[in-house]
Amino acid sequence: QVQLVESGGGLVQAGGSLRLSCLASGSIFRIYDMGWFRQAPGKPRELVAHINTGDITNYADFVKGRFTISRDNAKNTVYLQMNSLKPEDTAVYYCNAHKYMIDSWGRGTQVTVAS
């Protein structure tokens, strides 16, 4: 099973940018579909962006045009570039790996956007 570690979260002003990284280990990274999810206090976890093994991406409507997901299979890493951040983007962001109907999760990284 793959292990995931997120990094890159922090505090940023509205309109700013952050890049999240998720380093995978313990398995063959390139065979996994990867995703970024987020969870704000009192709200359910929701999909932010997804990239499959063929580099096909899809995004939640609330981040389209602002966030970009990418992967580097040589570095076992998936990224989430977040631009034009809004206070409502404040949440814990989780990395997800999916294969064979099994999901693996990282522990999350906090993103806080100040108004």
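The values are calculated or read from the model by the stated rules, or taken from the named source; none is laboratory data. Computed from a predicted structure; not experimentally measured. Cβ coordinates were reconstructed from backbone atoms using ideal geometry, including for glycine residues, and neighbour counts include every protein chain displayed. We work out accessible area using only protein heavy atoms, side chains counted, and drop any ligands, DNA or RNA first. Shrake-Rupley method; radii C 1.70, N 1.55, O 1.52, S 1.80 Å.
Each peptide in 6-12, 88-94, 38-44 gets a packing score, the mean of other Cβ atoms within 10 Å over its residues, and the list from highest to lowest is 88-94, 6-12, 38-44. Number of Lys-Lys pairs in the chain with C-alpha atoms under 23 Å apart and a separation of 8 or more places or on different chains: 4. Rounded to the nearest 20, the size of the Cβ-charge dipole of the stretch 42-101 about its Cα centre is 80 debye, with Lys and Arg at +1 and Asp and Glu at -1.
Please report, to one decimal in angstroms, the Kirkwood hydrodynamic radius of the stretch 15-62 built from all distinct Cα-Cα pairs. After inverting the pairwise mean of 1/r, the radius is 12.7 Å.
Let me spell out the model: positive unit charges on the Cβ of Lys and Arg, negative unit charges on the Cβ of Asp and Glu, origin at the Cα centre of the chain. What dipole size does that give, in debye rounded to 20?
Its charge dipole is roughly 100 debye.
Taking 0.36 nm per intervening residue step and subtracting the Cα-Cα distance, what contour gain separates Gln3 from Thr57 on full extension? Walk me through the numbers on the way to the answer.
Numbers: separation 54, 0.36 × 54 = 19.44 nm, distance 2.18 nm.
Full extension of this stretch gives 17.3 nm more.
Comparing Ser70, Ser27, Ser17 in a Gaussian network model of the chain where C-alpha atoms under 10 Å apart are linked, the largest mean-square fluctuation is found at Ser27.
Only Cα pairs under 8 Å and at least 6 apart count here; give the relative contact order of the stretch 1-91 as a rounded whole percent.
32 percent
Taking only the C-alpha atoms of the chain, the Rg (one decimal) and the largest Cα-Cα distance, Dmax (whole number), read 13.3, 41 Å. In terms of overall dimensions, the C-alpha atoms belonging to the stretch 40-92 reach 36, 21, 17 Å along their principal axes, ordered largest to smallest.
Within the stretch 37-75, none of the chymotrypsin sites (Phe, Trp or Tyr not before Pro) combine a DSSP coil assignment with at most 11 other C-beta atoms in a 10 angstrom radius. If you take the Cα centroid of the stretch 91-113 and the Cα centroid of the stretch 14-72, the two points sit 8 Å apart.
At a probe radius of 1.4 angstrom, the accessible area of the chain per residue rounds to 53 square angstrom. Surface composition of the chain: carbon and sulfur make up 51 percent of the accessible area, probe 1.4 Å.
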